[in-house]
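The values are calculated or read from the model by the stated rules, or taken from the named source; none is laboratory data. Quick caveat: nothing in here was measured; it's all calculated off a predicted structure. Every residue, glycine as well, gets a Cβ built from its backbone with ideal geometry; the counts of neighbours run over all protein chains shown. Ligands, DNA and RNA are stripped out before the accessible areas are found, and what is left, the full protein with its side chains, is counted by its heavy atoms. Shrake-Rupley method; radii C 1.70, N 1.55, O 1.52, S 1.80 Å.
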Amino acid sequence: MPPCLRQPRFLAFAFANAGTLGMVLTYVSLAPQVLMTEGGLSPIQLSFAFAFAFAFAFAFGANGFWIMFVSVFVNKTIRKAGRPFCLAMGFITMLLGALLLAGMMLLPASMQTHWALYVFPVAVSVACLAFTVGPATSYALEPYQQQAGVASALQGFIQMAGGAAGSLIIVALPMAEKLSLSLMMLLGAMLALIAWRCSRKMRGRVTALS
């Protein structure tokens, strides 16, 4: 077994990335059902709704201007505040998105069906992707400079496989789509929190993320 897989800190950072990816995959899986069935959008209207989501929520593979903006902000912030701060912000944004989405389910039924009330919490949570992935990846790979290829491959595998598996399990649960997404966001927030706690015990400094 590769040494990195025996290190809880490596796994913590890798699974933090998996949590962020799992949230995006869960949103992508559930959005058509929520927006077309509950929101009553036609396929044409749905395309415009997704266009809005692309700009603010890194949805459906478009990368979006929102995630680009947050990434630039993170690249500047990491020089002054450091990687632990960015991981903490990742936890906060993911948790805030989960609370917003859950809170919106308490609104009157006539208001809950508006598609923007589903997309906006995702826009908040998806900022976690920019705050978490770069710092977590650098922390995960930093101790394994002599085995960078193996460590990078394993980190990527955990991120992709873990995110996909987590999303699949959440989507398969017998619960409402919005509640499923909120649960995935909470899981992602918990993993980001664990990564942040691990980062506080590690030394090293990064001044920029490429």
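Restricting 141, 168, 179, 186 to residues that are assigned to a helix (DSSP H, G or I), open to solvent by 30 Å² or more (accessible area, probe 1.4 Å), touching a helix residue (DSSP H, G or I) at 6+ places or on another chain (Cβ under 8 Å) and over 23 Å from residue 10 (Cα atoms) narrows the list to 179. Just to be sure, is residue 85 modelled with pLDDT under 85 and either at negative phi or open to solvent by less than 30 Å² (accessible area, probe 1.4 Å) (or both)? Considered against the rule, which asks whether it is modelled with pLDDT under 85 and either at negative phi or open to solvent by less than 30 Å² (accessible area, probe 1.4 Å) (or both), residue 85 comes out as no. Considering every residue within the stretch 89-99, establish whether at least one is surrounded by fewer than 19 Cβ atoms within 10 Å (Cβ to Cβ), farther than 22 Å from residue 13 by Cβ and at pLDDT 90 or above. For the stretch 89-99, residues surrounded by fewer than 19 Cβ atoms within 10 Å (Cβ to Cβ), farther than 22 Å from residue 13 by Cβ and at pLDDT 90 or above: present.
As a summary of the residue check, residue 30 satisfies the conditions (1) at pLDDT below 70; (2) in a helix (DSSP H, G or I) except for the one numbered (1).
Each row is one residue, and each column tells you yes or no for (1) more than 25 Å from residue 174 (Cβ to Cβ); (2) assigned to a helix (DSSP H, G or I); (3) modelled with pLDDT of 80 or more.
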{"site": "40", "(1), (2), (3)": "no, no, no"}
{"site": "49", "(1), (2), (3)": "yes, yes, no"}
{"site": "71", "(1), (2), (3)": "yes, yes, no"}
{"site": "75", "(1), (2), (3)": "yes, yes, no"}
{"site": "106", "(1), (2), (3)": "no, no, no"}
{"site": "118", "(1), (2), (3)": "no, yes, no"}
